[in-house]
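This report refers to the structure that appears directly beneath it.
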Amino acid sequence: MMSRSARQAATPAPEAPAMPQNRLVTVEDLNVRFLSRDGDVSILNGVNFTLDRGEVLCLLGESGSGKSVTLRALMRLLPGNARISGRLEVDGHDIAAMKERQLRPLRGSTVAMIFQEPMTALDPVFTIGQQITETLRAHKGLSGGAARKRALELLELVQIPNAPARLKAYPHELSGGLRQRAMIALALSCDPKLLLADEPTTALDATVQIQVLLLLRELQKELGMATVFVTHDIGVACEIADRVGVMYAGRLVEGADVGRIIKEPLHPYTSALMRSTVHAGMRGQVLDSIPGAPPDLAALPPGCAFAPRCQSARSLCVQDEPGSTSLPAGRTVRCHIHGAEAAWRTSPPLAE
Amino acid sequence: MILYVIRRLLLAIPIAIGVTIVCFSLIHLAPGDPLSTVLPDNATPEVVEEIRAAYGFDKPLPVQYLVWLGNVVSGDFGLSIQSRRPVLGDIVPAVQNTMILAFAAVLIGFPFGTILGAIAGYSQGSLTDKVVTAISITGVSVPHYWLGMVLVVIFAVNMGALPAMGMGPGGQSDFALNWAHLRHLLLPAITLSVIPAGIIARSVRATIADVRKKDFVSTLRAKGLSPAWVFLHVAKNAAPVVLAVCGLQFAQLLGGSILVETVFSWPGTGFLMNSAIFTRDLPVLQGTILVLSLFFVVINLLVDVLQTVFDPRIRRG
């Protein structure tokens, strides 16, 4: 049985599209709904993306855009009332269909996660060392001594000074930056192929943010794991990403290489995001903020979810929901201006 | 850690002194003359004065307090007005008997309450949770003397399976680990265990449910640990709170229950206090209340120290 499926995987049927060898993550039409007594809420509405081995994807978006849910869906770390549909493949495993018990060997080893707030994400009553070694024991079957030795190496890898003493420290005895480094050490403990980082620098002081970001970039280059990095900070995305996915109201509205998206954002939301970011050399300029607020996911408007805040919106935009358009250089965008330009131009402008 | 224990010990001293003052003054502020029950109705005022002086009741209260405190510290709790024997001789066996009952109630009620609470905390909002909550609210709300009498009616009167009163066969009041004695222990211990079990179940449920919502539980799941292993983390986080509740309940059980010990004629502190109250036997009452209050202080101290074993953050506190 094993050998047969292995052979099948080695020689794909000619009619099937050849799966790229270095493809690690495939997400197709990912939908996540949260069930509740007051009615279901669709958090993700058909998210598509792929990730190659060693590649860094940044998911960019405002709070509530679904970027964290996308991240957590990749290891099915969602609350009990969440319902996932669509294709969700990581390293050949069908994550969406797996049983909880089958997921356990993957979590923490193949796929690891760094959380936003290291103070609350680490167990306050266990030492840093205990929290790292228990992962090593669970996945690598290391003995106590070997696990401690590896934990020490990991703390040194993330450049925690005085590592032997920090191993015995409790989370509250470390500074925010050191705690996040310990969290990174924990995530890297079992050599993950996919690292998920949920706003790992947001809760830190500005100077520490940069240190942790640089450390993450360095470790990613050194260890070569694919990374999905969730952030609302374009600066962070520029710093670390190969590709950027912009999310809005549970959809991926634009995806492109980081250089292209910064030079030439296609989706009006992406350009608005760029304009609303503060950076050097902007002193004296008027800062553009995006008018309005993200839509209520429980009551999404028909058509494009961004249309009510979009300056280029025409009546087509509030009637039809734009599909995803593939453009050259692997870019995708969900906007009528790029998908159905002629129809958009002929549709009447919105009345104020 | 040791510094914390020492500091906590030093803090216990003023509390203990406060306890002695409160229990001394409460009794002296209560209306009624302690001598009225022992003196014959036709006693002359001179005799009354003489006896008041003999017991020291003629001196001002602060002086009485200091004299009493000095005696207590040296182990002299005075003479019982009723039996004219040293009070300590009455208190020690009563405390022992109450302890036996309290330990039995702990053995029955604490594991039951903890397990029930943990199950409910792990299935928050489900039917199991609602059933457990209903059971624990019933446990807390049912008056235990009433429950005691119901148990007596069922198991002693109707079934004749268990004895209704006393500590042992033939009314003996010594304890031994055999069925003849354990039979006597069963009904009062079950009766006493119901309220602590209910209280513990409720607080364990709330604590476990609270800990399970914490971010680090997601981290533990993200690390791929088994549910049993995750529970270990949850349990250690919940332990300090649960320990505090258990300690309070244990101290309360050690205090004895006047009602339950009276229903089952269990010769413990509650029983002793009951008779001391009716006979206005102040030295006995004072001594018993003092000993029990000090138990409270000691157990709280033990709980505080034990909590640091589970939660390192308290050690610095």
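The values are calculated or read from the model by the stated rules, or taken from the named source; none is laboratory data. All values reported here derive from a predicted model rather than from experimental measurement. Cβ atoms come from the backbone with ideal geometry, glycine included; neighbour counts cover every protein chain shown. What goes into the accessible areas is simple: the full protein's heavy atoms, side chains included, and nothing from ligands, DNA or RNA. Shrake-Rupley method; radii C 1.70, N 1.55, O 1.52, S 1.80 Å.
Rundown of residues vs (1) acidic (D, E); (2) touching a strand residue (DSSP E or B) at 6+ places or on another chain (Cβ under 7 Å); (3) closer than 22 Å to A:T50 by Cα, yes/no style:
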site: A:R217; (1), (2), (3): no, no, yes
site: A:V228; (1), (2), (3): no, yes, yes
site: A:R243; (1), (2), (3): no, yes, yes
site: A:E254; (1), (2), (3): yes, yes, yes
site: A:D257; (1), (2), (3): yes, yes, yes
site: A:R275; (1), (2), (3): no, no, no
query: How many residues are over 25 Å from A:L327 (Cα atoms) and among the basic types (K, R) if we restrict to segment A:214-259?
result: 2
- request: Having 2 or more residues that are of a type in the set (S, T, Y) is the bar; report the helices (runs of 4 or more DSSP H) wholly within segment B:250-317 that clear it.
  value: B:269-278, B:282-310
Extreme residue, farthest from B:V298 (Cα to Cα), among residues of segment B:15-44 that are in a helix (DSSP H, G or I), open to solvent by 80 Å² or more (accessible area, probe 1.4 Å) and modelled with pLDDT under 80: B:L29
query: Are there any pairs, at least 6 apart or on different chains, whose C-beta atoms fall under 8 Å, with the first in segment B:40-51 and more than 17 Å from B:Q82 (Cα to Cα) and the second at pLDDT 80 or above and acidic (D, E), and if so, which?
result: none
task: Quick one: count up the residues across segment B:194-222 that are within 14 Å of chain A (Cβ to nearest Cβ), open to solvent by less than 10 Å² (accessible area, probe 1.4 Å) and not β-branched (V, I, T).
output: 4
- request: Name the residue, out of A:R87, A:R33, A:R104, A:R37, that is at pLDDT 90 or above and out of contact with any strand residue (DSSP E or B) (no Cβ under 9 Å at 6 or more places or on another chain).
  value: A:R104
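Listed here are the residues, each with its yes/no results for (1) more than 29 Å from B:P227 (Cβ to Cβ); (2) within 22 Å of the chain's Cα centre (by Cα).
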{"site": "B:D129", "(1), (2)": "no, no"}
{"site": "B:L147", "(1), (2)": "yes, yes"}
{"site": "B:V150", "(1), (2)": "yes, no"}
{"site": "B:P163", "(1), (2)": "yes, no"}
{"site": "B:I190", "(1), (2)": "yes, yes"}
{"site": "B:V211", "(1), (2)": "no, no"}
- request: Residues being small (G, A, S) and at pLDDT 85 or above: count how many of those fall in segment B:73-88.
  value: 1
task: Quick one: which helices (runs of 4 or more DSSP H) lie wholly within segment A:37-155 and hold at least 2 residues that are more than 13 Å from every other protein chain (Cβ to nearest Cβ) and farther than 30 Å from B:Q307 by Cα?
output: A:67-73
Hits in segment A:63-91 (condition: in contact (Cβ under 8 Å) with a residue 60 or more places away in the chain and not aliphatic (A, V, I, L, M)): A:S63, A:G64, A:S65, A:G66, A:K67, A:S68, A:T70, A:R72, A:R87, A:E89, A:D91
task: Considering each of B:F110, B:F103, B:F77 in turn, give the residue that is open to solvent by 80 Å² or more (accessible area, probe 1.4 Å) and of a type in the set (F, W, Y).
output: B:F103
- request: State the number of residues belonging to segment B:80-100 that are open to solvent by less than 20 Å² (accessible area, probe 1.4 Å), not β-branched (V, I, T) and not in a helix (DSSP H, G or I).
  value: 1
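One line per residue, one yes/no per condition, for (1) closer than 16 Å to A:E199 by Cβ; (2) buried (at least 17 other Cβ atoms within 10 Å of the Cβ); (3) in contact with a strand residue (DSSP E or B) (Cβ under 8 Å, 6 or more places away or on another chain):
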site	(1), (2), (3)
A:G92	no, no, no
A:K99	no, no, no
A:S109	no, yes, no
A:F115	yes, yes, yes
query: Within segment B:45-58, can you find the residues that are at pLDDT below 80 and among the charged types (D, E, K, R)?
result: B:R52, B:D58
query: Scanning for something farther than 28 Å from B:L285 by Cβ and β-branched (V, I, T), does segment B:94-113 turn up at least one residue?
result: yes
